[in-house]
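We did not get these values from a lab; they are worked out from the coordinates using the rules stated. This is a predicted model, so every value here is computed, not measured. Because the Cβ atoms are built from the backbone with ideal geometry, glycine has one as well, and the counts that use them run over all protein chains shown.
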């Protein structure tokens, strides 16, 4: 298996930044985008339950509709692909059973053999009310955001994570409440514009000694 070198990985992470201006004339090739979608699907989650859904916005009309609820940030309309990451508003035993059926379908074996794991997951989720479950699910969605941004950087795709949005309006426009979902965070992806001055700006990070301790 080919492996990205440590130096190449750091180079790409140094290259990436929160893109402020996208070149609206450039689109991410479909084969590259397919890989980024796969990276989202492969995101790890607590217990493997994947309490999320990802909406890839390509429609320009829909991007324009979301823009006023995104603090006017034109990354929404100028990017190639706009991803809205939604969290499940609750987690039920039905969701857990759906995951276990998928597990046996892929790994084989009898579903009853997974009862101890089921009991553990049910025990964990039953201790939380819906507000706590939602907070937990939103935390999982941020893992997906990190995976998507890193994967994009490795492939030379620009990205901008966006919390400056109005989730309730996104939910209304995308019809998420009816789906048992709510907007958590978004990410614009595409190619940086040559006029984006932030592309060449030094990264502002604290020294490693301030943020990292080895014990």
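If you bin all the Cα-Cα distances of the stretch 141-215 at 5 Å, starting from zero, the percentages per bin are 3, 12, 14, 17, 19, 15, 10, 6, 4, 1.
Would you list 79, 187 from fewest to most Cβ contacts within 10 Å?
Final ranking by Cβ density, sparse to dense: 187, 79.
With an 8 Å Cα cut-off and a minimum separation of 6 or more residues, compute the relative contact order for the chain in percent. After rounding, I find 35 percent. Distance between the modelled labels on residue 205 and residue 139, one decimal in nanometres: 2.5 nm (7 Å Cα→Cβ projection). By other beta-carbon atoms within 10 Å, ranking 84, 56, 211, 154 with the fewest at the front produces 211, 56, 154, 84.
Counting only alpha carbon atoms, the long axis of helix 30-41 and the longest principal axis of the chain meet at about 40°. How far is helix 115-126 tilted, in degrees, relative to the longest principal axis of the Cα atoms in the chain, given as a value from 0 to 90 rounded to the nearest 10? Long axis of 115-126 versus the principal axis of the chain: about 60 degrees. Computed over the alpha-carbon pairs of the stretch 1-157, the distance histogram in 5 Å steps reads 1, 8, 13, 16, 16, 14, 11, 10, 7, 2, 0 percent, short to long.
Rounded to the nearest 10 degrees, the angle from helix 93-107 to the longest Cα principal axis of the chain is 80 degrees. Helical runs (DSSP H, four residues minimum) scored at -39500 (n - 2.57) apiece and divided by the length of the chain put the mean residue ellipticity at 222 nm at -13500 deg cm²/dmol.
Arranged from fewest to most other beta-carbon atoms within 10 Å of their beta carbon, 117, 198, 170, 191 become 198, 117, 191, 170.
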